[in-house]
Amino acid sequence: MVRGIASGVAAGAVWGLVFLAPQVLGDFSPFQLSAARYLAYGAVAVLLLAPRWRGLVSRLGRAEWISLIRLSLLGNILYYILLATAVQWAGGASASLIVGLLPVVVTLVASREAGAVSMRALAPSMLLCLAGVGLVAYEAFRLDTGHGDPIFRMLGLACAVGALGSWSVYSVDNARWLARRADISSYDWSLLTGLVTGALALLLAVPAFWGGSGHAPAEWAKFWGVAAGVAILASVVGNGLWNQASRLLPLTLGGQMIVFETLFALFYGFLWSQRWPTVLEVLAIVCLVAGVLWCASLHRTPRVSPAE
């Protein structure tokens with residue numbers, strides 16, 4: 001369990017960079033950053049898989065390829081497009097409030113599985129996570145107004161709910177496939193997902209870069225450098241670490257690990273803004289960490305079987 005938690009924390013640390021990249025590349029659209037990130041993800045996956053491609057692909061059937069396409073759409077392409085649209089139309093605070101419910105939704109789904117920790121036992125830890133997300137959103141609402149048109153704001157909120165559902169389904173489905181195909185390593189499964197995501201990103205690249213505003217060569221160099229860095233750290237390394245955590249932890253605990261993405265996104269935001277967190281933000285961080293520690297303690301408690 002320690003290895004699983006460490007992998008989940010490390011995944012959150014590199015995933016938090018995804019929220020910093022749009023601030024560094026403010027002159028480029030989220031669609032351009034998304035397309036570039038996933039194209040780079042696919043390219044790196046091809047290079048890393050090439051030496052053992054034949055041996056790996058021979059173990060994959062039609063069901064695995066269909067699942068990889070589904071996971072790539074849900075966890076990468078569709079999720080990021082919905083999230084970017086939600087931020088633009090409904091505001092970052094509204095989007096973060098809804099998408100920040102991911103740990104709770106995944107844990108709720110996982111609690112219905114056989115042998116899972118009961119919902120009654122998990123409730124306090126989930127309430128702490130909810131409190132932390134609510135405090136973060138409240139602070140962000142003071143400075144974030146979103147789109148002025150109420151119709152666009154409603155559509156943006158709908159996109160945020162769609163992003164929440166998309167990644168929740170991905171997280172549960174991905175964990176089940178990792179358990180089903182234990183013969184494929186966590187990192188190979190991540191690279192296979194990246195390969196398929198890169199192929200799908202080719203379709204996203206056309207509308208993302210067609211007719212875009214002109215940028216200087218130095219700006220494009222910075223853009224592709226950041227996109228490649230995010231692809232390697234957040235997608236290749238981060239997804240591999242997340243798969244490792246998903247394989248080692250029960251889903252009711254693995255779902256809670258997602259809060260570390262929020263925590264590290266906050267930390268990187270403080271560094272970028274060169275400011276200390278407010279009192280409410282500190283309280284939010286305490287709630288999020290306490291919720292995860294509480295959930296971990298429930299899974300560490302040994303269970304006594306009836307025979308004992």
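Only the coordinates and a few stated rules stand behind these numbers; no lab work does. What you see is a predicted model; the values in this text were computed from it and never measured. Glycine gets a Cβ as well: all are built from the backbone with ideal geometry, and neighbour counts include every protein chain shown.
Calculated translational diffusion coefficient of the range 1-90 (37 °C, 0.692 mPa s; Stokes-Einstein with Kirkwood radius over alpha-carbon pairs) equals 210 µm²/s. Given a Förster distance of 22 Å, report the FRET efficiency between Arg52 and Met1 from their Cβ-Cβ distance, rounded to the nearest 0.05. So, using R0 = 22 Å, E works out to roughly 0.15. Computed over the range 167-226, the Cα gyration tensor eigenvalues convert (square root of 5λ each) into semi-axes of 34, 14, 10 Å, ordered from largest to smallest. Build a GNM of the chain with springs between Cα atoms under 10 Å apart, and of Ala131, Ala221, Ala290 the one that fluctuates most is Ala221. In a simple Cβ point-charge model (Lys, Arg +1; Asp, Glu -1; nothing else charged), the range 155-235 has a dipole of about 100 debye relative to its Cα centre. Using a cutoff of 8 angstrom between alpha carbon atoms and counting only pairs six or more residues apart, the relative contact order for the chain works out to 42 percent. If you average 1/r over every pair of different alpha-carbon atoms in the chain and take one over that average, what Kirkwood value in Å do you get? The answer is 20.1 Å. Charge dipole (Cα centre; +1 on Lys/Arg Cβ, -1 on Asp/Glu Cβ; no other charges) of the chain amounts to roughly 760 debye.
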